[in-house]
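Engineer: What follows is a structure written as structure tokens; I'll ask about it next.
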Amino acid sequence: MLEELKSKLGEEIERLTHELQVTLPKAIQKAVEHGDLRENSEYKSALERQQFVQARLNHLTKRYGELSKIDLSEVPSDRVGFGSRVTVIDQRTKDRETYTLVFGDYIDIDSGQISMASPLGQALMGKKVGESVSLSLPRGERKLKIKELQTLSQVVDEDKK
């Protein structure tokens, strides 16, 4: 999972870098050739896109650096954290749900991925098997009990098999 995420980030960084260094300079040059820049919407649009791409690229580069610093040997094997696969039981409905905690940029709700920054992600962070968490949601309070936990290092080991 960690390598997959780093690969996705790397691909997006590569794409945005190409856009920033090749595509956008050409678009800006073409717009400049049209003359008066004060009323040139193509020029303004290209500059706005350039600013957005630069900001996104900075964010992704920082995130990639954070991922590269993760030492799987230092990840606690008994607590929920980034990359953990957590199975919980809803104490009211008895429904069983499994989630994987990821960074907010790479959520895939259909596959059970939730952001560490979400209310559920924050409630689960640092918890152990057997502990309960409470969430205050707009539709009411939700109580969950952690039944199973696979930390990032355990998930990575399983994926290698």
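Engineer: Considering only segment 1-98, give the helices (runs of 4 or more DSSP H) lying wholly within it that have at least 3 residues that are of a type in the set (D, E, K, R) and within 30 Å of K128 (Cα to Cα). Full working, then the answer.
Structural biologist: Details: elements: 2-18, 24-33, 41-68.
Per the criteria, 2-18, 41-68.
Engineer: Go through segment 107-148 and count every residue that is buried (at least 16 other Cβ atoms within 10 Å of the Cβ), in contact (Cβ under 8 Å) with a residue 60 or more places away in the chain and among the charged types (D, E, K, R).
Structural biologist: Final tally of qualifying residues: 0.
Engineer: Let me ask something additional. Can you say whether V88 is β-branched (V, I, T), farther than 20 Å from E4 by Cα and surrounded by fewer than 16 Cβ atoms within 10 Å (Cβ to Cβ), as far as the supplied structure shows? Even if it seems obvious, please write down each step before you answer.
Structural biologist: Numbers: β-branched (V, I, T): yes; farther than 20 Å from E4 by Cα: yes; surrounded by fewer than 16 Cβ atoms within 10 Å (Cβ to Cβ): no.
No.
Computed from the coordinates by the stated procedures, all read-outs in this text should not be read as laboratory data. None of the values given here were measured: they were computed from a predicted structure. Note: ideal-geometry Cβ built from the backbone for every residue, glycine included; neighbour counts use all protein chains shown.
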